[in-house]
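This report concerns only the one structure given below.
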Amino acid sequence: ALERTLSIIKPDAVAKNLIGAIYTRFESAGLRIVASKMMHLSKEQAEGFYAEHSERPFFGALVEFMTSGPIVVQVLEGEEAILKNREIMGATNPADALAGTLRADYAETIDENAVHGSDAPETAAREIAYFFSDEEICPRTR
Ligand code: CMP
């Protein structure tokens, strides 16, 4: 099915100057970037985005990291976009990520793992709406 998913290039990958390399991975896989912006999240924005993890022991470190520098947030569109993006990213823990995935190539630790991607249709809808209004999503016309 044609899907949309929310993707984040996290502060570690932005700091390593990897925005273009990561966008090339998405585009080479046939995913279309239909919305995109750079942001520096506030503590409140990061806590709200990751609210489902608020009781986890890593929550404080996650919010600290996600507010440590600018991020790039995008909506990716394509056939099976949610799963396709998760395949491109690789496992959450870079130590478990398959060779050739973004996390295997560009991340060292589970805490600073280069990218985020929605894990299911319901979370994708919520996460896209968290960062983008309808007018900010620009599907292709040609
Ligand atoms: P992400 O997909 O952005 O969602 C939550 C993030 O928490 C996750 O990527 C990891 O970077 C981070 N994290 C740190 N420790 C863990 C853990 N034990 N399990 C899952 N996520 C973790």
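Rule-based calculations on the coordinates, nothing more; no lab input. Just so you know, these numbers come straight off a predicted model, no measurement behind them. With ideal geometry, Cβ positions are generated from the backbone for all residues, glycine too; neighbour counts draw on all protein chains shown.
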Turns out the helices (runs of 4 or more DSSP H) fully within region 1-76 with at least 1 residues that are of a type outside the set (Val, Ile, Thr) and over 14 Å from Val115 (Cα atoms) are 19-28, 43-49, 59-66
Of those in region 82-110 that are near the ligand (Cβ under 9 Å from one of its atoms) and surrounded by fewer than 19 Cβ atoms within 10 Å (Cβ to Cβ), the residue nearest to the chain's Cα centre (by Cα) is Thr92
Of the residues in region 1-56, those that are in contact with a Pro (Cβ under 8 Å, 6 or more places away or on another chain) and not charged (D, E, K, R) number 6
Apart from one, (1) over 16 Å from the mean Cα position of the chain (by Cα); (2) over 19 Å from Thr109 (Cα atoms); (3) surrounded by 12 or more Cβ atoms within 10 Å (Cβ to Cβ) all hold for Phe58; the odd one out is (2)
